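Single-structure report; data block below.
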Amino acid sequence: MEWDDGVATTPPLGWNSYDSFNWNVTEEQVKANADYMRDNLRQHGWRYVVVDWAWYYPGQGTGSPNQDADFQPRLRTDEGGLLWPDTTRFPSAVGANGFKPLADYVHAAGLQFGLHLMRGIPRQVVADDLPVPGANCGAREIANSTTAAWLNLNQGLDMTNPCAQAYLDAQFDLLASWGVDYVKVDDIAAPTYHQAEVEGYRLAIRRSGRPMVLSLSPGPTSTDNGAHVADNATMWRVVNDLWDDWSSLDALFERLHAWTPHRRPGAWPDPDMIPIGRLSQQGPFGPPRYSDLTPDEQRTLMTLWSITRSPLMWGGDLTRNRESELALMTNAAVLAVDQHSLDNRQLFGGTHTAWTADVPGSPDKYLALFNRGNGDATVSASLADLGIGSATVVDLWSGANLGTVSGTLSRSLPAHGSGLYRLTPQATAPGDQR
């Protein structure tokens, strides 16, 4: 049975703290990014404000937030082993508040609040054999030996034991009480696809009574699991962590094409956070910087994400945006492609790549052209492949009317550059009956 609760019928648009703040993000930084989204992005459809990993790990630091052999430093949990926010970085979470004050702040801005979870149950909870809330089991009965290679805080759940589902249900009841709208679950989609646990998280969301986006991480999720993941998650990573270099971006063309059979409303292949803007201010990758992607490469990323209807989860610190970043995020014609186009598909691949999509309620077509080569080149697409003989063409990035073309649309594009166009047919291609 597919995901059908009305969440994310269009690809989610939002911000995630990881690319800029690693695990160190503070409540004030989250609020500042929410304020920016409220004032600059909300009217363009941007909604989600997501706190990434280890929000229950004490303090701040430059290393990875692991525990030592004695489970130090201790994570903040309650007597049932459920995770609670660290009060050093999230002071409003003191006592029994949890994330409710911060979620209320985000909601008051007309936005939605999300957070990150590692798959499973904290290892310290298993070691202490805390009672599972609402079940006659201890934590040791529901855990298995699997853990993430990059973070040792959790171990997996044995979903053959009903008490494992009870633990997830209790965690998601707590998240629902805080007002959480989006949960990114890590160490679940790759390198191993944990099918039973995917189903467990989906069921826990359903039982919580609060609609939530379920985002699976990391990648690359195997297309062999395509039918299952599309039925059980809202979005899932198609690559491992994406950073601001051309080769990583270029590799996504093939991955997003491969996922085309499984892309549908409520089920979105996810090419990861967008590494544009001010990055890695406190880790996790490289020095503090503005994105190393060139302006042409940044536009190519946004063009590819839009024509493939990918989630747009921004990674840069919004408060440090310049006019160039804001312009990439607020082009209404481009965002309409991401949010509302249909039958998105690759026309041809390779050094020159083209994607097309239908415009709802219209005979018009969207066309994206990409020059993935290292020098300037002319990229051409046959209008007949779109069922069109001639068409007027509008450049969606600039808004310029490019006039009428017949037979072939050809554009000179810079290295790693792209164009995104709307074609309004003036004549259909000979023999085309659409």
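Quick note: the coordinates plus some simple rules give every number you see, no bench work behind them. Since the structure is predicted, the reported quantities are computational estimates derived from the model, not experimental observations. Please note: Cβ atoms are built from the backbone with ideal geometry, for glycine as well, and neighbour counts cover all protein chains shown.
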### Query
So what's the net charge close to residue 29: Lys and Arg +1, Asp and Glu -1, counting the other residues with Cβ under 14 Å from its Cβ?
-3
### Query
In terms of the Cα gyration tensor, with a ≥ b ≥ c the square roots of its eigenvalues, is the range 140-299 rounded because a/c is under 1.5, prolate because a/b exceeds b/c, or oblate?
prolate
## Note on the structure
Protection proxy (average C-beta count within 10 Å per residue), highest first, orders 396-404, 240-248 as 240-248, 396-404
### Task
Using only Cα atoms, find the angle between the long axis of helix 246-258 and the longest principal axis of the chain, and express it within 0 to 90 degrees, rounded to the nearest 10.
90 degrees
### Task
Would you kindly state how much longer the chain becomes between residue 136 and residue 69 on full extension, computed as 0.36 nm times their sequence separation minus their alpha carbon distance, in nm to one decimal?
21.3 nm
### Crossing angle, helix 195-208 versus the chain [Cα axis fit, 0-90 degrees, rounded to tens]
80 degrees
### Summary
With a Förster distance of 22 angstrom and the Cβ-Cβ distance between residue 384 and residue 345, calculated FRET efficiency to the nearest 0.05 equals 0.90
### Message
About the Cα centre, and with charges only on the beta carbon of Lys, Arg (+1) and Asp, Glu (-1), how big is the dipole of the range 1-105? Nearest 20 debye, please.
### Response
300 debye
### Task
Find how many whole Å separate the alpha carbon centroid of the range 104-127 from the alpha carbon centroid of the range 133-194.
12 Å
### Net +/- balance of residues flanking residue 398 in space, Cβ distance below 13 Å, scoring K and R +1, D and E -1
+2
### Message
Can you show me the helix-derived [θ] at 222 nm for the chain, built from DSSP H runs with n ≥ 4 at -39,500 (n - 2.57) apiece and divided by the number of residues, rounded to the nearest 500.
### Response
-7500 deg cm²/dmol
#### Entry: Burial ranking of peptide ranges 380-393, 279-292, 44-57 (average Cβ count within 10 Å, highest at the top)
44-57, 380-393, 279-292
#### Entry: the range 10-103: C-alpha gyration tensor shape, a/c 1.5 cut-off, then a/b vs b/c
prolate
### Message
Can you compute the FRET efficiency between residue 412 and residue 247 using 1/(1 + (r/R0)^6), with r the Cβ-Cβ distance and R0 = 22 Å? Round to the nearest 0.05.
### Response
0.40
### Query
Pairing the Cα long axis of helix 27-36 with the longest principal axis of the chain, what angle in degrees results, from 0 to 90 and rounded to the nearest 10?
20 degrees
### Sequence ranges 324-336, 226-238, 411-423, ranked by mean other-Cβ count within 10 angstrom, highest first
226-238, 411-423, 324-336
### Query
If you put +1 on each Lys and Arg Cβ and -1 on each Asp and Glu Cβ, how big is the dipole of the range 346-428 around its Cα centre, in Debye rounded to 20?
60 debye
### Summary
Per the Cα gyration tensor, the range 346-428 corresponds to an equivalent ellipsoid with semi-axes, largest first in Å, of 21, 13, 11
### Summary
Listed by chain and number, the residues whose amide H is under 5 Å from that of residue 117, excluding neighbours fewer than 5 places away on the same chain and using placed H, are 184, 185, 186
### Query
For residue 297, what is the net charge nearby, where nearby means another residue's Cβ is under 10 Å from its Cβ and Lys, Arg count +1, Asp, Glu -1?
-4
### Task
Using a/c under 1.5 as the rounded threshold, could you call the range 314-391 rounded, prolate or oblate? The axes a ≥ b ≥ c are square roots of the C-alpha gyration tensor eigenvalues, and prolate needs a/b larger than b/c, oblate otherwise.
oblate
### Task
Calculate the length of the line joining the C-alpha centroid of the range 295-319 to that of the range 361-434, in whole Å.
21 Å
### Summary
Once the mean of 1/r over all distinct C-alpha pairs in the chain is inverted, the Kirkwood radius in Å reads 22.5 Å
